[in-house]
Amino acid sequence: MNYRGMVSSDWNECLAPTGPFDPISFIYPDLKDKLDSIFKSYTSNRIPLSKAVSQIVEMLPEPFTVEQMDAYLDKSFAIYNGVYEMIEALNSNNILFMINTTGAQGFFQRIIVKKLIPPVPLVASNPFIKFPGVESDLRFSHTVLETSNKGANTSEVMRKYDLEPSRVILVGDSGGDGPHFQWGASIGAYLIGSMTKTSLTGFCKGNRITINKQFGIVYTEGQTRDKEEENRYDFKELGKFIVDRLS
């Protein structure tokens, strides 16, 4: 493919209101508080992602199944308003859309099978939950074992498709995206904060990184997440902005 540009984006609390461990807390609600604490720890860069994942795997009484994932998706799958249409717009304008996230491979395997999102060429995610077939699916050829892997994944795809930094857009929301933004800033990629949390704002300020565009709520210290307000933003507008910028 000869892509016009590329978007490498986080997923949870960035394009979707849900968290990467929500399928687990849906099946095992007694684990929710511990899972929320672990999520905040690695997105604030207090612990590495690999440590967070090992703690979660130890909590699970048995391997997570396809049936459990489908039960969660059938009841609770959600994306922000206009995200589906944004992905469609990128696809139709020959812009490579790569999901680059700490979320589980198995989650994305099933939402692709169930056609809950448009076709996505690449999903870099974490194998702590995965289902048969993922090893042979080229869409899952990249992984995110540490948050620092996001930049390496984007860089590899850029080289493969011969994309200049000016044709690359990174999208993130939390401190877990900080290393990705730091790498992107170093090469001159365009940085978009989506529903930006204070952990990303603080990371960028501390490392003298400029976020080029903000979309959605930019949270301030102590501000509680407002999912209702988040969903008032229409990601079709962000898709139009990206298409115009990469035209």
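The table below lists the values:
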{"item": "Breaking point among (1) more than 22 Å from Tyr3 (Cβ to Cβ); (2) in contact with a helix residue (DSSP H, G or I) (Cβ under 9 Å, 6 or more places away or on another chain); (3) among the hydroxyl-bearing types (Ser, Thr, Tyr); (4) not in a helix (DSSP H, G or I), for Tyr233", "result": "(2)"}
{"item": "Conditions (1) without any contact (Cβ under 8 Å) to a residue 24 or more places away in the chain; (2) more than 16 Å from Ser174 (Cβ to Cβ); (3) hydrophobic (A, V, I, L, M, F, W, C): number failed by Phe39", "result": "(2)"}
{"item": "Given (1) small (Gly, Ala, Ser); (2) within 28 Å of Tyr3 (Cα to Cα); (3) free of Cβ contacts under 8 Å to residues at least 40 places away in the same chain, index of the condition Gly239 fails", "result": "(3)"}
{"item": "Scan of region 77-108 for residues that are touching a residue at least 60 places away in the same chain (Cβ under 8 Å), polar (S, T, N, Q) and in contact with a strand residue (DSSP E or B) (Cβ under 7 Å, 6 or more places away or on another chain), ordered by number", "result": "Asn100, Thr101, Thr102"}
{"item": "Region 124-163, residues that are among the β-branched types (Val, Ile, Thr) and either buried (at least 19 other Cβ atoms within 10 Å of the Cβ) or part of a loop (DSSP other than H, G, I, E, B) (or both)", "result": "Ile129, Val134, Val144, Thr147, Thr154, Val157"}
{"item": "When residues of region 40-55 are limited to those that are out of contact with any Asp or Glu (no Cβ under 9 Å at 6 or more places or on another chain) and of a type in the set (A, V, I, L, M, F, W, C), the one surrounded by the fewest Cβ atoms within 10 Å (Cβ to Cβ)", "result": "Ile47"}
{"item": "Subset of region 70-95 (residues that are in a helix (DSSP H, G or I) and within 20 Å of Gln109 (Cβ to Cβ))", "result": "Asp70, Ala71, Tyr72, Leu73, Asp74, Lys75, Ser76, Val83, Tyr84, Ile87, Asn91"}
{"item": "Residue within region 164-171 that is hydroxyl-bearing (Ser, Thr, Tyr), modelled with pLDDT of 95 or more and more than 28 Å from Ser76 (Cβ to Cβ) present", "result": "yes"}
{"item": "Neighbours by Cβ (under 6 Å, 6+ apart or cross-chain): first from region 198-227, within 20 Å of Leu238 (Cβ to Cβ); second charged (D, E, K, R) and assigned to a loop (DSSP other than H, G, I, E, B)", "result": "Tyr219/Lys197"}
{"item": "Region 180-205, residues that are closer than 17 Å to Ser148 by Cα and loosely packed, with under 15 Cβ neighbours inside 10 Å", "result": "Ser186, Ile187"}
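The values are calculated or read from the model by the stated rules, or taken from the named source; none is laboratory data. Only a predicted model underlies this, so the values are computations on that prediction, with no experimental measurement involved. Heads up, the Cβs are rebuilt from the backbone with ideal geometry, glycines too, and the neighbour counts pull from every protein chain shown.
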